[in-house]
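Student: Please read through the structure below; I'll follow up with questions.
Read-outs throughout are calculated quantities, based only on the coordinates presented, and are distinct from any laboratory measurement. Just so you know, these numbers come straight off a predicted model, no measurement behind them. Neighbour counts are summed over all protein chains in view; Cβ atoms, including those assigned to glycine, are modelled from backbone coordinates with ideal geometry.
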Number of protein chains: 2
Amino acid sequence: MTENESAIVRKFRKELNSGTVSLVLLATLDQATAPLYGYQIAKQLEEKAEGGVPVKQGTLYPILRSMNDNGLLGSSVEPSVSGPPRKYYTITEQGREVLATWKSEWMSTRDFVDAVLKGDIG
Amino acid sequence: MTENESAIVRKFRKELNSGTVSLVLLATLDQATAPLYGYQIAKQLEEKAEGGVPVKQGTLYPILRSMNDNGLLGSSVEPSVSGPPRKYYTITEQGREVLATWKSEWMSTRDFVDAVLKGDIG
């Protein structure tokens, strides 16, 4: 693969992730039975991903903060015995409403893309 | 849904589309048996989409041009009897290589997102 091609593939991956990362973060917090801090969320995502999470851990934090700022997540800071204080996140009622819509957007986009790609073999 | 929520949902849709539109355009041209111009591509996508294409037609053109500029697509301009000249696109060899990688990125991202969402019912 040429340098130009690699750059194009990286750009694609970045664009694809920009939408999906918020979705998986919100869904993870929706399923959580207790507040979670960033590292715990990253670990849970890793467990779900066979062959590696398509997302770097460092990109999760600004998205969590942004979802906290716009009311999809609530947060509380707790001291930690092993390091700096941790910010624990929970999903809000508004977050659940947005998640329901995001999920339905995701499913229709996914089905659309898959329908187009299927043409390759059909 | 509040105004804030609608804005958040619109942003999500835009981010989700920014990656997938290039993918479906390239796949459509890969499957085409003849060069296609923008409107034909839009029509083909419409046929594949149940319940509406999640992409506005106007957003397709700049992406086609950009994929033409970076070598994924070739193009030729042909006069039209019914209006201005049309730009016909074909996929290039480089386009096919990039498409193969994009497809595999798409599938692993899709499976990852679905695995996380499945937690909601599992």
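Student: Placing +1 at every Lys and Arg Cβ and -1 at every Asp and Glu Cβ, with all other atoms neutral, what dipole size does the protein assembly as shown have around its Cα centre, in debye to the nearest 20? Walk me through the numbers before you get to the answer.
Tutor: Details: 28 positive and 30 negative charges, 84 e Å.
It comes to approximately 400 debye.
Student: Divide by every residue of chain A the summed helix terms, -39500 (n - 2.57) for each DSSP H run of at least 4, and state the resulting mean residue ellipticity at 222 nm, rounded to the nearest 500 deg cm²/dmol.
Tutor: On the way: 4 runs with 79 residues, N = 122.
Taken over chain A, the calculation gives -22000 deg cm²/dmol.
Student: For the protein assembly as shown, evaluate the Debye formula with one uniform point scatterer on each Cα (no solvent term) and list log10 I(q)/I(0) at q = 0.11, 0.14, 0.16 Å⁻¹, rounded to two decimals.
Tutor: Reported log10 I(q)/I(0), two decimals: -0.64, -0.94, -1.14.
Student: Relative contact order of chain B, please, whole-number percent, based on alpha carbon pairs below 8 angstrom and at least 6 residues apart. Walk me through the numbers on the way to the answer.
Tutor: On the way: 90 pairs, mean separation 29.7, N = 122.
For chain B, the relative contact order is 24 percent.
Student: A further question follows. How large, in Å, is chain A by the Kirkwood hydrodynamic radius built from its alpha-carbon pairs?
Tutor: Values: mean 1/r = 0.0616 Å⁻¹.
After inverting the mean inverse Cα-Cα distance, the result is 16.2 Å.
Student: Which of the lysines could be linked to B:Lys43 by a straight reach, that is with a Cα gap under 28 Å, when you skip same-chain ones fewer than 8 residues away?
Tutor: By straight Cα distance, B:Lys43 reaches A:Lys11, A:Lys14, A:Lys103, A:Lys118, B:Lys11, B:Lys14, B:Lys56, B:Lys87, B:Lys103.
Student: Shifting gears a bit: Under unit Cβ charges (Lys, Arg +1; Asp, Glu -1), what dipole magnitude, rounded to 20 debye, does chain A have relative to its Cα centre? Mind dumping the intermediate values first?
Tutor: Working: 14 positive and 15 negative charges, 62 e Å.
Around 300 debye, computed over chain A.
Student: Please list, ordered by chain and number, the residues whose modelled amide H lies under 5 Å from the amide H of A:Leu36; skip anything fewer than 5 residues away on the same chain.
Tutor: Here the answer is A:Tyr89, since their amide H atoms fall under 5 Å of that of A:Leu36.
Student: Modelling each spin label as a point 7 Å along the Cα-to-Cβ direction, I'd like the B:Arg65/B:Glu78 distance in nm, to one decimal.
Tutor: About 2.2 nm separates the two model spin labels.
Student: Could you list A:Tyr88, A:Tyr61, B:Tyr89 so that the one with the fewest beta carbons within 10 Å of its beta carbon is first and the one with the most is last? Kindly include the intermediate steps, with their values, before the conclusion.
Tutor: Working: A:Tyr88 18, A:Tyr61 14, B:Tyr89 27.
Arranged by neighbour count, lowest to highest, A:Tyr88, A:Tyr61, B:Tyr89 become A:Tyr61, A:Tyr88, B:Tyr89.
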